[in-house]
Amino acid sequence: MQLNTLTIKQAGQLLAKKEITSVELTKACLARIKEVDGEIKACLTVCEKEALAEAKKADERRAKGESGELLGIPYLAKDNILTRGIKTTAASKILENYIAPYDASIIRKLKQAGAVLLGKTNLDEFAHGASTENSAFGPTHNPWDLQRVPGGSSGGSAAAVAADMCLFALGTDTGGSVRCPASFCGITGLKPTYGRSSRFGLVAMTSSTDVPGPLTKTVADAAMVLSVIAGVDKNDGTTVNITPPAYAKASAGKPTPLVRGEELKGLTIGLPKEYFIAGTDKAVAEAVEKAIADLKKLGVKFKQVSLPHTKYGVPVYYIITPSEVSSNLARFDGIKYGLSVAKPPLPPLSGGEENGLMQVYTKSRGKGFGPEAKRRIMLGTYALSAGYFDAYYLQAQKVRTKIKQELDEVLETVDCLLTPSAPHVAFKIGAQSGDPLKMYLEDIFMTGASLSGLPAISIPCGFDGGMPVGLQLIGKRFDEARLFRVGGAYQQVTEWHLQKPEIS
Ligand code: GLN
């Protein structure tokens, strides 16, 4: 048995029965990373020594009678999530050697639960992107086809899970960054409700939509991780004091033959017509149609709904995101963190070009930030500047409110929504990297849930030319449980999530 290929649920059962140890599980993952990551390039840091020490501790906790779904389970975290004592680069030169003095709240919770951190994964610099090509340290390759992107920005996390380098990974989703790579790599990816899982200790991108979430092999596993990372956090005022339900009830195991069952009887799922558009590839549309047919056999009723403001999602997102990015990246000034090009002592403050302090700022930022970060800083600074604020930022916020209201209203009439995750499968590395607008359009089905703070999950539902296709379920606020119920039942009767890439 190759332990690294197990799901959390399977590994948990074996750990509980004392048939395997966390040290064995951790070693299997580390060996897999060594075997395949030279080609995939999912990991930026692997902390072998620390991981083995944590695994040993987890085994000791279990020997003393402790239990827990994540006790001894090895995982990887996206490199924009702070980890005490282990580098956090956000895939940026400006943070190349940054070591955080504290853990993000979600890392702390996972540590308490006994999960074992194996290392940190690649991303688009500061999570700006949908392909992982914007990483300052080179792109990650899709395990299904090494010539293709894994999606982004949590591309390293998704590729690592798909290639069985870990049992699960953490990502962050601001405008699709968990769901897009999950869809491109054929795994499950959950963006929780905004406020469900703490942002404390994430390298902030767009604070009003950032949310960390799990990338897993099954829906049931996503539920298990969420139950650990969810909950109110005094360090993040936007987290909400709503007790997370017992998510882990969601089912997934060996597929049973598709039968006309009662599992999802009484549920109505909305199909927003603006997400079923001509630009979607035929094979992707067919895979999603087939999933709808499968869910009908489980008792789901489908209803067409309309979200006319959907077309404003990408333009609104690309005003709000750069605006918040321009503000959030201001802290990287060559003084407080990371790279500093010209070091003080500085000549007296005189202003302008000759000002030594100004030179530290401009040279450090000029050298430390990649082209996409700079583009977003400029776009955002423009949108927020006096004279343009009303026309861009304020207007975008007004339209955002419309998008949110419309989604909330439609979700009153159905249990959740189903859409494709993306209009196509993973594209070739380099195919779009010279065209930022085309890259921004990758988020077409993602921005609605992000701007509205709603939970959404991407689940594998087929293949197109050997590459995975994903479907998206969007839920009511704080109703992740229903997404798990639908997704879990779907994975009980289908095998898409069980397919593994052959890495050569
Ligand atoms: N593709 C989106 C962007 O580039 C999403 C990023 C994210 O969710 N972090 O902004």
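The values are calculated or read from the model by the stated rules, or taken from the named source; none is laboratory data. As the structure is a computational prediction, the values presented were derived from the model and not from experiment. Every residue, glycine as well, gets a Cβ built from its backbone with ideal geometry; the counts of neighbours run over all protein chains shown.
Key figures for this structure:
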quantity: Meets criteria (outside any helix (DSSP H, G or I), among the basic types (Lys, Arg) and surrounded by fewer than 22 Cβ atoms within 10 Å (Cβ to Cβ)) for Lys18; calculated: yes
quantity: Enumeration of residues in the range 195-209 that are within 11 Å of the ligand (Cβ to nearest atom) and within 19 Å of Asp479 (Cα to Cα); calculated: Thr209
quantity: Hey, Leu146 more than 16 Å from the ligand (Cβ to nearest atom), touching a Leu at 6+ places or on another chain (Cβ under 8 Å) and of a type outside the set (Lys, Arg) or not; calculated: no
quantity: Long-range neighbours under 6 Å by Cβ, at least six apart or interchain, first residue under 19 Å from Ala169 (Cβ atoms) within the range 59-88, second among the polar types (S, T, N, Q) and surrounded by fewer than 21 Cβ atoms within 10 Å (Cβ to Cβ); calculated: Lys87/Thr45
quantity: Residue match in the range 176-186 (condition: assigned to a strand (DSSP E or B) and near the ligand (Cβ under 10 Å from one of its atoms)); calculated: no
quantity: Residues (within 13 Å of the ligand (Cβ to nearest atom) and assigned to a helix (DSSP H, G or I)) located in the range 101-131; calculated: Glu125, Phe126, Ala127
quantity: Unique residue being among the acidic types (Asp, Glu) and within 14 Å of the chain's Cα centre (by Cα) when the list is Asp221, Asp145, Asp164, Asp173; calculated: Asp173
quantity: Qualifying residues in the range 48-98 (those that are assigned to a loop (DSSP other than H, G, I, E, B) and polar (S, T, N, Q)) - the one nearest to Lys336 (Cα to Cα); calculated: Asn97
quantity: Tabulated pairs, the range 149-160, first at positive phi, second surrounded by 24 or more Cβ atoms within 10 Å (Cβ to Cβ) and in a loop (DSSP other than H, G, I, E, B), C-beta under 9 angstrom, 6+ apart or interchain; calculated: Gly151/Ala130; Gly151/Ser131; Gly151/Thr132; Gly151/Gly176; Gly151/Ser177; Gly151/Ala422; Gly151/Ala426; Gly151/Glu442
quantity: Residue check for Ile474: touching a Lys or Arg at 6+ places or on another chain (Cβ under 7 Å) and either over 30 Å from Asn134 (Cα atoms) or β-branched (Val, Ile, Thr) (or both); calculated: no
quantity: Residue check, Leu215 under 26 Å from Phe427 (Cβ atoms), modelled with pLDDT of 95 or more, among the hydrophobic types (A, V, I, L, M, F, W, C) and surrounded by fewer than 24 Cβ atoms within 10 Å (Cβ to Cβ); calculated: no
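Conditions tested, residue by residue: (1) part of a helix (DSSP H, G or I); (2) modelled with pLDDT of 95 or more; (3) away from the ligand (no atom under 16 Å from the Cβ).
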site	(1), (2), (3)
Val288	yes, yes, yes
Phe302	no, yes, yes
Ile319	yes, yes, no
Asn328	yes, yes, no
Tyr337	no, no, yes
Ala342	no, no, yes
